[in-house]
Amino acid sequence: MTKTQQQVALITGAGAGIGRATAIALAADGFCVVVSDINLEAATLVVEQIKAEGGAGYALRQDVVDEAGWRDTVDQIVASHGGLHALINNAGVATICGIEEESLEGWRRTQSVNADGVFLGCRAAISAMKHCGGAIVNVSSIEGIVGDPMLPAYNASKGSVRALTKSIALYCARQGFPIRVNSIHPGYVATPLVSNALAELEPSAADEFTASVMAKIPMGRMAEPEEIASGIRFLVSGESSYMTGAELIMDGGYTAA
Amino acid sequence: MMSDHFSLQGKVALITGAGNGIGAACARCFAQSGAAVMASDINGERVEALARELVAEGFKVKAIQHDVAKEDDWARVVDALADWQDGWDILVNNAGIYIGGKLEENLLSQLHRINSINIDSIFLGTQFAASAMQPDGRFGRGGSIINLSSIAGLIGVPGHSIYGATKGAVRSLTKHSAVEFAAFGYGIRVNSLHPGLIATDMGHLVFKDFVEVGLASSESEAQQMLEKQMIPMGRLGDVQDIALAAQFLASDASSYMTGSELTVDGGFTAT
Ligand SMILES: NC(=O)c1ccc[n+]([C@@H]2O[C@H](COP(=O)([O-])OP(=O)(O)OC[C@H]3O[C@@H](n4cnc5c(N)ncnc54)[C@H](O)[C@@H]3O)[C@@H](O)[C@H]2O)c1
Ligand SMILES: NC(=O)c1ccc[n+]([C@@H]2O[C@H](COP(=O)([O-])OP(=O)(O)OC[C@H]3O[C@@H](n4cnc5c(N)ncnc54)[C@H](O)[C@@H]3O)[C@@H](O)[C@H]2O)c1
C-alpha cells in the first residue's frame with residue numbers, strides 16, 4: 001500500500017481497553033488510525049505507541065455524544081485522507097446497580113454514550129463511506145443479548161446497538177452501498193471499564209459481582225483486550241466480506257452456557 | 001489470504017468433505033496459511049485430485065477416503081493422521097448432505113439418512129477430536145473444532161425441514177460440547193459456522209428444490225428470487241467467504257470464542 005492509498009480507520013474510545021488494543025492492531029494491519037477519545041491525553045499515548053511500532057495515526061479529542069463534532073470529524077478525515085474506510089464505534093460506559101437504584105439521569109447518560117454515540121457515528125460515516133466503501137463495527141456486548149440484574153441501563157443500551165446494527169446493515173445493503181455493518185459482543189474483558197465500575201461498589205459487593213461473573217464463564221477467565229481486537233480486525237478486513245448484520249460473540253462460552 | 005495474525009503456521013488440520021465446495025476451499029485456504037491439512041472425503045478420487053494439486057503447489061496436504069458416518073472410518077483416519085503428523089489442532093466437521101422437499105412428502109428413511117451423515121458425523125468427529133486433543137490425549141495440545149451448521153439451523157426456510165433440523169442439532173451439539181470441554185479444562189474450543197446460501201453443488205440443489213416444491217418455476221427464477229428478495233447483499237456467498245471465516249475460527253485470533261455461532265450470510269438472517 002502506498003501512502004496515498006492508505007486506508008483510514010476511526011476508532012472511538014480508543015484511549016483505553018478494547019479501543020486501544022484495536023487501534024494498535026489496525027495500525028499493524030496498515031491502517032492510518034484516528035485514535036479518538038474524550039480523553040485526549042490517553043489517545044495521545046496510544047498514538048505514541050503506534051508510531052513507535054512503525055504505524056501511522058493521530059489522536060483526536062471527540063465526545064461521541066456531540067452531534068456537530070461527528071460531522072466535523074468525518075469531514076476532516078475525508079478532506080485530508082480522501083475517505084473513511086473503517087469505523088469502530090467502541091466508546092462506552094457502564095455502571096453497576098439494580099433498577100431500583102438507577103436514576104433517570106444515569107440511565108440517560110448510559111443510553112447517550114452507548115446508543116446515541118453509535119447512531120451518530122454510523123450516520124456520519126455512511127455519508128463518507130458510500131462512495132469509497134467501508135466497514136463499520138459496533139461494539140455491543142453479551143449484555144446486549146442476555147440480561148444481568150445489576151446492569152439495566154447497560155443491557156438496554158447494548159441491545160439497542162445490536163438491533164440498530166442490523167437495521168443499518170440492511171439499509172446499506174438495500175441501497176447498494178458497499179458498506180458492511182456488524183456488531184461484536186465481547187464477554188467480560190479485563191479493562192478499566194470493568195475495574196472502574198467495580199471500584200465504585202462496596203468491596204464486598206464488588207467481590208460478589210466478580211464471583212457471579214466468573215462463575216458464568218466456562219473458560220474460567222476474562223478476555224484480554226487483544227483477543228477482542230482480533231475479532232474487530234476480522235470484521236474490518238476483506239476476510240469477512242460476506243458478513244453484514246451479523247453478531248460476533250467472543251465470550252469464553254458465557255452465552256453458550 | 002489473511003494477514004499473519006490469522007496464520008495457521010505449525011498447525012495440523014483435518015477437514016472432512018474436502019473433495020468439493022466449502023471443504024475444498026477450506027483445505028486450500030488452510031494450507032496456504034501454513035497448516036498441514038489432511039483432506040478427507042467419501043469420494044476418495046476427488047479428494048486425491050485436490051491433494052495432488054495442492055502438493056504440486058508446494059503445500060502440505062494429504063488425502064484420505066473417509067465416510068464421516070462410520071465410526072471405524074474415524075478411527076482409521078485419526079490413526080493415519082498420527083502416522084503423518086505429531087499433532088492435531090483443528091477439525092473442520094464440514095461433510096454434509098442436503099435433502100429437500102416438502103415435509104409431508106419426506107420419508108422417514110430420508111430423515112435417518114440425513115441424520116446419520118449430518119449429525120452422527122459431528123458426534124463422532126467431536127468425540128475423536130476431544131479424546132485426542134485433550135491434555136491427556138494422544139496429541140494433547142488442545143485445539144479448535146469448527147462445525148458446519150447453516151442459517152437453516154437458525155431460521156425456517158420452505159423445503160428445508162429435515163436438513164434444517166440436522167443443522168439445528170449441530171448448533172446445539174456445538175454449544176454443549178464447547179461448555180463441557182471448557183468446564184473440564186480441555187483447551188478445546190468448539191464453534192459453529194452458519195453459511196447463508198453459497199455457490200456450490202449443494203447450493204444449486206436448493207434452487208432445484210425450490211422448483212420441485214413449487215416455489216419457483218425454474219432454477220434461474222429460484223436463484224433470482226433468493227438473491228433479490230432474501231439476501232440483502234444481493235448475491236450468493238462464495239466458498240472463499242466461508243473458508244476465511246473457518247480460518248478465523250481455527251486460528252488463535254479467536255482464542256476467546258467457544259460455543260459461538262459465526263453467521264456468514266450476506267445479511268440473510270439480519271432481516
Ligand atoms: N470490558 C468489558 O468487559 C466489555 C465487555 C463487553 C463490551 N464492552 C464494550 O467495549 C467498549 C470498550 O470498553 P472498554 O472495556 O475498553 O472500556 P474502557 O473504559 O476501558 O475504555 C473506554 C474508553 O472510552 C472513552 N470514552 C468514554 N466516554 C466517552 C465519550 N462520551 N466519548 C468518547 N470517548 C469516551 C474513555 O475515555 C475510555 O478511554 C465499550 O463499548 C464497552 O461497553 C466492554
Ligand atoms: N452450499 C451452501 O449453500 C451451504 C449453506 C450452509 C451450510 N452448508 C454446509 O456446508 C457443508 C459443505 O457444503 P458444500 O456446499 O460444500 O457441499 P458439497 O455438496 O458441494 O460438498 C460436500 C462434500 O462432502 C462430501 N460428503 C458427502 N457425504 C459424505 C460422507 N458421508 N462422508 C464424507 N464426505 C461426504 C461430498 O463427497 C462432497 O465432496 C455442508 O455441511 C453443508 O450442509 C452449505
- Message: Show me the helices (runs of 4 or more DSSP H) found entirely inside the stretch A:180-257 where at least 1 residues are more than 17 Å from B:R189 (Cα to Cα) and at the interface with chain B (Cβ under 7 Å from one of its Cβ atoms).
- Response: A:225-236
- Working carefully through the options B:K62, B:K102, find the one that is more than 18 Å from B:F128 (Cα to Cα) and surrounded by 17 or more Cβ atoms within 10 Å (Cβ to Cβ). B:K62
- Task: Using the structure shown, decide if A:A190 is surrounded by fewer than 18 Cβ atoms within 10 Å (Cβ to Cβ) and under 20 Å from B:D252 (Cβ atoms).
- Result: yes
- Note on the structure: Scanning the stretch A:1-32 residue by residue, those at pLDDT below 95 and in contact with a strand residue (DSSP E or B) (Cβ under 6 Å, 6 or more places away or on another chain) turn out to be A:Q6
- Query: Residues of the stretch A:136-168 being outside any strand (DSSP E or B) and aliphatic (A, V, I, L, M), which ones?
  - Reply: A:I142, A:I145, A:V146, A:M150, A:L151, A:A153, A:A156, A:V161, A:A163, A:L164, A:I168
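Quick check on B:L236: is it within 10 Å of ligand 2 (Cβ to nearest atom), within 14 Å of chain A (Cβ to nearest Cβ) and under 22 Å from B:N94 (Cβ atoms)?
Here the answer is yes, as B:L236 does meet what is asked.
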- Out of the residues in the stretch A:171-204 that are of a type in the set (F, W, Y) and more than 8 Å from ligand 1 (Cβ to nearest atom), state the one that is nearest to A:V161 (Cα to Cα). A:Y171
- Query: Counting just the residues of the stretch B:29-52 that are outside any strand (DSSP E or B) and within 16 Å of B:S251 (Cβ to Cβ), which one comes out farthest from ligand 2 (Cβ to nearest atom)?
  - Reply: B:G34
- Flag for A:I136 being within 16 Å of ligand 1 (Cβ to nearest atom) and either buried (at least 19 other Cβ atoms within 10 Å of the Cβ) or within 14 Å of chain B (Cβ to nearest Cβ) (or both): yes
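Tell me whether the stretch B:202-213 contains one or more residues that are more than 21 Å from the chain's Cα centre (by Cα), surrounded by fewer than 21 Cβ atoms within 10 Å (Cβ to Cβ), more than 10 Å from every other protein chain (Cβ to nearest Cβ) and part of a loop (DSSP other than H, G, I, E, B). Quick ask: steps written out before the conclusion?
So in the stretch B:202-213, the residues more than 21 Å from the chain's Cα centre (by Cα) come out as B:208-213.
Then keep just the ones that are surrounded by fewer than 21 Cβ atoms within 10 Å (Cβ to Cβ); that gives B:208, B:211-213.
Filter again for more than 10 Å from every other protein chain (Cβ to nearest Cβ), leaving B:208, B:211-213.
After this cut, where a residue has to be part of a loop (DSSP other than H, G, I, E, B) as well, the list is B:213.
Yes, the stretch B:202-213 contains at least one residue that is more than 21 Å from the chain's Cα centre (by Cα), surrounded by fewer than 21 Cβ atoms within 10 Å (Cβ to Cβ), more than 10 Å from every other protein chain (Cβ to nearest Cβ) and part of a loop (DSSP other than H, G, I, E, B).
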- Task: Go through A:V64, A:V78, A:V35 for me and flag whichever is surrounded by 15 or more Cβ atoms within 10 Å (Cβ to Cβ), modelled with pLDDT of 95 or more, in contact with a strand residue (DSSP E or B) (Cβ under 7 Å, 6 or more places away or on another chain) and within 20 Å of A:M129 (Cβ to Cβ).
- Result: A:V35
- Message: So, in the stretch A:27-42, exactly how many residues are part of a helix (DSSP H, G or I) and either over 17 Å from A:E226 (Cα atoms) or within 16 Å of ligand 2 (Cβ to nearest atom) (or both)?
- Response: 3
- Item | Selection status of B:S116, buried (at least 24 other Cβ atoms within 10 Å of the Cβ), at pLDDT 95 or above and away from ligand 1 (no atom under 16 Å from the Cβ) | no
- Note on A:V213: of the conditions (1) at pLDDT 95 or above; (2) out of contact with any Pro (no Cβ under 6 Å at 6 or more places or on another chain); (3) β-branched (V, I, T), unmet is (1)
- Item | B:Q223 being polar (S, T, N, Q), within 16 Å of ligand 2 (Cβ to nearest atom) and closer than 27 Å to A:K166 by Cβ | yes
- Message: Go through (1) away from chain A (no Cβ under 14 Å); (2) part of a helix (DSSP H, G or I); (3) surrounded by fewer than 20 Cβ atoms within 10 Å (Cβ to Cβ) for B:H176 and report which single condition fails.
- Response: (1)
- Residue check, B:W84 closer than 21 Å to B:I15 by Cβ and touching a residue at least 60 places away in the same chain (Cβ under 8 Å): no
- Query: Just a yes or no: is a residue in the stretch A:93-109 aliphatic (A, V, I, L, M) and touching a Lys or Arg at 6+ places or on another chain (Cβ under 6 Å)?
  - Reply: no
- Task: Go through the residues of the stretch A:54-66 one by one and say whether even a single one is within 14 Å of another protein chain (Cβ to nearest Cβ), in a loop (DSSP other than H, G, I, E, B), more than 10 Å from ligand 1 (Cβ to nearest atom) and free of Cβ contacts under 8 Å to residues at least 40 places away in the same chain.
- Result: yes
- Within the stretch B:179-201, the residues that are surrounded by 15 or more Cβ atoms within 10 Å (Cβ to Cβ) and either polar (S, T, N, Q) or within 16 Å of ligand 2 (Cβ to nearest atom) (or both) are B:V190, B:N191, B:S192, B:L193, B:H194, B:P195, B:G196, B:L197, B:I198, B:A199, B:T200
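The values are calculated or read from the model by the stated rules, or taken from the named source; none is laboratory data. Being a predicted model, the structure only gives us computed values, none of them experimental. As a convention, Cβ positions derive from the backbone with ideal geometry for all residues, glycine included, and neighbour counts pool all protein chains shown.
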